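Nothing in this text is a laboratory measurement; each read-out follows from the coordinates by a stated rule. Since we're looking at a predicted model, the values are computed, not measured. Backbone-built Cβ (ideal geometry, glycine too); neighbour counts: all protein chains shown.
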2 protein chains.
Amino acid sequence: MEKQEISPQVQELVNEAMSEINRGCVEFIGAEYIQSLVTRFYTNGKTFIVKAGFDPTAPDLHLGHSVLLRKLATFQKYGGVIKFLIGDFTATIGDPSGKSQTRKALTFEEVEKNAETYKEQVFKILDPKNTDICFNKEWLGKLNSVDMLRLTSFYSVARMMERDDFTKRFKENSPISIVEFMYPLLQGYDSVALNCDIELGGNDQKFNLLVGRALQRSYECGKEQSVMTMPLLEGLDGVNKMSKSLNNYIGLTDNANDMYGKVLSIDDSLMWRYFELISSKSLKEIESMRRDVESGALHPKKAKEILALDIVSSLHDLNAAHAAQEHFNNVFSKKEIPNDIPTFHFELGEWICKALLESKLTPSTSQARRDIKAGALSINNEKILDENYKFSQKGEYIIKLGKRKFARIII
Amino acid sequence: MEKQEISPQVQELVNEAMSEINRGCVEFIGAEYIQSLVTRFYTNGKTFIVKAGFDPTAPDLHLGHSVLLRKLATFQKYGGVIKFLIGDFTATIGDPSGKSQTRKALTFEEVEKNAETYKEQVFKILDPKNTDICFNKEWLGKLNSVDMLRLTSFYSVARMMERDDFTKRFKENSPISIVEFMYPLLQGYDSVALNCDIELGGNDQKFNLLVGRALQRSYECGKEQSVMTMPLLEGLDGVNKMSKSLNNYIGLTDNANDMYGKVLSIDDSLMWRYFELISSKSLKEIESMRRDVESGALHPKKAKEILALDIVSSLHDLNAAHAAQEHFNNVFSKKEIPNDIPTFHFELGEWICKALLESKLTPSTSQARRDIKAGALSINNEKILDENYKFSQKGEYIIKLGKRKFARIII
């Protein structure tokens, strides 16, 4: 890139941009290259290419995914055009080793449908104008045997074995199929085909992202993509990473009330991580709030309300966020519910008496039946008289049994 | 294969065939399967498929290659149809890693030309009627990326690493490109495409041949090829394997006189190995000769003459073989040349005075010049007066300087 005179004003904008771009990431390899592209964007409006790959088999996104999506949105502000890459090539061939029962081949229609589902969700965060939804079958499906040999010629066995899981499995004599060596190469080839300037991924993707960088050199693309890894967001429990299977997640399409309530249920310490990774507050604003909480000028609950409003309004809108706040305050008004009541997680369809027993509000399910019949139970401020009540919807429920026994149930 | 009644006559033929098939091989995996196919051939004439792969870049064959070719010819006698496979696929793409300067991509015309050269040579040994010359580009060139992934899914990294050279290089941190894992798989796929019943190769090819066997199982071909490995033939020096670069070889297209003389030059102990691996004598005949030599009933030189006649007549014809014998006896008649004279190897174009010096027949090249001018030198019984004489043809030369100084020179 040719040297250019940069005015102090532009330099300041670039510095701010780089600070937001850097925010929260685990690693950022080749940051200088991105800084030069952001500078170019501010001086002559030229955009650059930002890639992130998504699994076409799992189109249900949650706040964990929004860490990456928000970072992509940040790049859009500073000149990035997003290649939202759906890895349909391997998905439509399934698991060629036939070993994984769960990795069934998707039909073309299923991939299309999942792509639509993705769009509904990601355009809550990304600007559709600067987002290309791409499918790698378009170029990977066209490679012939000679192309494939060329691709495999650019990487050594030893380098591939450096990937943590390969090293581990090779040492443990746990079989690695050669086809598994092909996937990082194909993913890397995507960067060649898309002519990427930067690729983003979860922290566990670092190795694969670097393969793309190396392959761009091998294919003499005239650039080597920068690589940014983002942390995996902890779920509502504050311990495990957010995931659907652990039921500690907030879905991007959850309704506003659920979303608001779930954010308020997280631990105070987790709140700052959510602020950093998935809120629209600037680093300065977050730092200032944090000081206020530490000095006692701001109650942590208030800060969490700000977070909840921010998250709900970005995924729905500000009106919906305020309505959710009002709803929450009505249902869980302070005068009725103690500040810290124990939280329990149950599966969808859980029977109320079992839940009361396991959350230790009652010594037995038969006692629970009697209490319910006697009118002692309310759920989210509504009296429940049906002793066969089951939790048929996901969400957060405040259970009150008698006058003083409370539990927070998350389904 | 259905059970069949086998007459004692057929059983005897099959036993003889299997004995000839087994002859000289290093390993024969799946011999029972071949026995059943030979039995079928004797009972209903049904043929089977025998594969051997050849390098399209090196079409100059020598007696070392004839070990394999003669074995293929043996299979032809017992029902085998030979797939003489020229690996043009990788040859026409060259070395995709670009690392090997020597592995330049061949053009289509070069491959065609080399194939013609192969035909001229191999049909001296093989029956053209039961030989298909095949090119693997025909099917490997048609594989697409999905096919290639499927192929790589059938083999594990650990199994591939068991190949001796891979194990060694991985331990030594000497790089192995992933494309090198592809070659055994592609070679194995050739067996799938050709529906082979047996594949033959050099002893160093065992691993690759077994990949073909494994892939036929993976692709559910309904058969698993047997695998036969043949030893590498020692060259004329009796130590190193026969090779063009070591200049210890007899080319399949050498003229009859050279061929005959070279065979007579080998060591007595090496003679029996040549008898077993590259003569048309039966094992019984060889055993009987060997006993005669050991008992003194047959002079080893006589046995070697039988070998030389056999080899020359199989690559030329019987008349040519006898003519070569006569020529040899005229040139190297016993009364003139001592029984054991020292042998020296020189490069083509070597100057006679240098050769005389290095073979210790003269103390200096100036003395050699004087002796030659004086008429003291004869080469193969012809007086040579040219002190600038150079060895301009490959072959064996008997040098006589004065009355008693002899040397055998091999160019």
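Summary value for the range B:343-410: 38 percent relative contact order, contacts being C-alpha pairs under 8 angstrom separated by 6+ residues. A cut-off of 5 Å between modelled amide H atoms, ignoring neighbours fewer than 5 places along the same chain, links B:His62 with B:Leu252.
Rounded to the nearest 20 debye, the dipole magnitude of the range B:343-410 is 300 debye, with +1 charges on Lys and Arg beta carbons, -1 on Asp and Glu beta carbons, and the Cα centre as origin.
With label points set 7 Å from Cα along Cα→Cβ, the inter-copy distances at B:Lys241 are 4.9 nm, sorted shortest first. With a Förster radius of 35 Å applied to the beta-carbon distance between B:Asn195 and B:Glu112, the computed FRET efficiency rounds to 0.90.
With label points defined 7 Å past Cα in the direction of Cβ, position A:Gln393 shows copy-to-copy spacings of 10.3 nm, given to one decimal and shortest first. With the biggest extent put first, the Cα atoms of the range B:364-411 measure 26, 22, 19 Å across the principal axes. Averaging Cα coordinates gives a centre for the range B:245-292 and one for the range A:8-68; these two points are 74 Å apart. How large is log10 of I(q)/I(0) for the protein assembly as shown at q = 0.07, 0.08 Å⁻¹ when the intensity is taken from the Debye formula with one equal scatterer per alpha-carbon? So the normalised log intensities are -0.76, -0.87. Axis-proximal residue of chain B for the rotation onto chain A, reported as residue and distance in whole Å: B:Met148, 2, based on Cβ position.
Averaged over the residues of B:152-165, the number of partner chain Cβ atoms lying within 10 Å of the residue Cβ comes to 5. Taking the Cα centre of the protein assembly as shown as origin and assigning +1 to Lys and Arg Cβ atoms and -1 to Asp and Glu Cβ atoms, the resulting dipole is close to 1100 debye. In the range B:256-336, with Lys and Arg counted as +1 and Asp and Glu as -1 at Cβ, which of these residues, B:Val263, B:Gly296, B:Asn319, has the Cα nearest the positive end of the dipole, that is, farthest along it? Of the options given, the answer is B:Gly296. Remark: relative contact order (chain A) = 14 percent; criterion is Cα-Cα distance under 8 angstrom and separation of 6 or more residues. Ranking B:Thr92, B:Gly235, B:Val157 by how far each Cα lies toward the positive end of the dipole of chain B (charges on Cβ) leaves B:Gly235 at the top. Only beta bridges with both residues in chain A are counted; by DSSP, about 45 percent of them are antiparallel. Based on C-alpha pairs under 8 angstrom that are at least 6 apart in sequence, the range A:69-189 has a relative contact order of 30 percent. For B:Ile176, the amide hydrogen comes within under 5 Å of the amide hydrogens of A:Val157, A:Ala158, counting only partners 5 or more places away or on other chains and with H modelled in the peptide plane. Taking amide H as placed 1.01 Å from N in the peptide plane, the amide H of B:Leu233 sits under 5 Å from that of B:Met242, each at least 5 places away or on another chain. By other beta-carbon atoms within 10 Å, ranking B:Asp258, B:Asp267 with the fewest at the front produces B:Asp267, B:Asp258. The mean number of Cβ atoms from other chains found within 10 Å of a Cβ in peptide A:139-145 is 5, as a whole number. Peptide A:172-179 shows a mean partner chain C-beta count of 5 within 10 Å per residue C-beta. Distances between copies at A:Ser295, taken between label points 7 Å from Cα along the C-beta direction, are 11.7 nm in increasing order. Summing Lys, Arg as +1 and Asp, Glu as -1, what charge do residues with Cβ under 10 Å from the Cβ of B:Ser359 carry, B:Ser359 excluded? Residues close to B:Ser359 contribute a combined charge of +3.
The 3J(HN,Hα) values that the Karplus relation (6.51, -1.76, 1.60; θ = phi - 60°) gives for the range A:82-91 are, in residue order, 8, 9, 8, 9, 9, x, 7, 4, 6, 5 Hz. Gly and Pro appear as x.
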